[in-house]
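Trainee: Could you have a look at this structure, given as structure tokens, before my questions?
The values are calculated or read from the model by the stated rules, or taken from the named source; none is laboratory data. As the structure is a prediction and not an experimental result, all values here were calculated from the model. Ideal geometry is used to build each Cβ from the backbone, glycine not excepted, and the neighbour counts take in all protein chains shown. Only protein heavy atoms, including side chains, enter the accessible area calculation; ligands, DNA and RNA are left aside. Shrake-Rupley method; radii C 1.70, N 1.55, O 1.52, S 1.80 Å.
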Amino acid sequence: MARSRRRRSRAWVWLVVLLVLAALAVGAELLARAVVKDRIAAFVADEWGGTAEVSLGTSPVIPRLINRELATVEIDAQGLSYRSMTGASAHAELTDARWLGGNDISAASAVMDVDVPSEGLEQAIVDALPGQLVDVEVIPLPETEQLEVRAQPEGAATLVVTPGLDGDSVIAEIDEVDVGEQLPGLDVEIDQAGTYRISDLSGLPLGLRAQQLTVTGDGVSLNLDSSS
């Protein structure tokens, strides 16, 4: 009887030990995930500002970290800025990602969809166009894949432009120009069609390059891919 009690006691001890070890393993995995997510979010903030939520999938992280490897990484980010384009949101998927230490990561391939609101395009367009425009309102026209640009004060000028891609640059081709009554001190300097560079997208991290630009009801959407 005493021997049987001792056996049951040892069994309970081993069970407790296993439970403690399992809890420590789970805790270590959760800690490792939190650290990696924080570093990837910091990488996004370093490159584009804003905030990011990171998903690392269901595969355990710790075994991969021995070789600095990660499972497929998904990122959802808000409040991003790139040069004069601001207020963007993005969803990115990284395949065969590697954590290189600090806030530095790499990936065998990456795909990123970026939505830039019309308000986030305004300063970029002011910077790109000639003349003395200091304030514009951008109105998306998705049915024609164009943007209407209204210069302030109201009535100074209205332009219709077609945004697009030229290599690594976002460009705007002016289709229509309607210059209102001349205002003292305002020189629009746009009296005919022309093409202007809104933003240079060369040198993006992770080898991302612009593949497609689409006008949406809220602004423009950019598809970036590292595969080409």
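Trainee: Excluding residue 168 itself, what net charge comes from residues whose Cβ is under 9 Å from its Cβ, given Lys and Arg +1 and Asp and Glu -1?
Mentor: -1
Trainee: Next up: Just to confirm a number: summing +1 for Lys and Arg and -1 for Asp and Glu over residues other than residue 97 whose beta-carbon lies under 14 angstrom from that of residue 97, what do you get?
Mentor: +1
Trainee: Filter the trypsin sites (Lys or Arg not before Pro) in region 55-151 to those in DSSP coil with at most 16 other Cβ atoms within 10 Å of their Cβ, and list the result.
Mentor: Within region 55-151, the qualifying trypsin sites (Lys or Arg not before Pro) (loop, at most 16 other Cβ atoms within 10 Å) are 68, 83.
Trainee: Report the label-to-label distance for residue 103 and residue 32 in nanometres (one decimal), using points 7 Å from each Cα along the Cα→Cβ vector.
Mentor: If labels sit at residue 103 and residue 32, their model points lie 2.5 nm apart.
Trainee: So what is the accessible area of region 65-174 per residue, in Å², with the probe set to 1.4 Å?
Mentor: Spelled out: the 1.4 Å probe surface of region 65-174, per residue, equals 45 Å².
Trainee: How far, in nm, would the chain grow between residue 91 and residue 169 when pulled straight, counting 0.36 nm per residue and subtracting the alpha carbon separation?
Mentor: Here the answer is 26.0 nm.
Trainee: Between residue 221 and residue 141, 0.36 nm times their residue separation minus their Cα-Cα distance comes to what?
Mentor: So the extension gain works out to 27.5 nm.
Trainee: In 5 Å bins starting at 0, how do the alpha-carbon pair distances of region 52-131 split up by percent?
Mentor: Values per bin, smallest distances first: 3, 14, 19, 18, 14, 10, 9, 6, 4, 2, 1, 0.
Trainee: Under a point spin-label approximation (7 Å from Cα along Cα-to-Cβ), what is the residue 42-residue 65 distance to one decimal in nm?
Mentor: Spacing of the two 7 Å Cα→Cβ label points: 1.3 nm.
Trainee: Another question, then. Counting Lys and Arg as +1 and Asp and Glu as -1, what is the net charge of the other residues whose Cβ lies under 10 Å from the Cβ of residue 123?
Mentor: That works out to -3.
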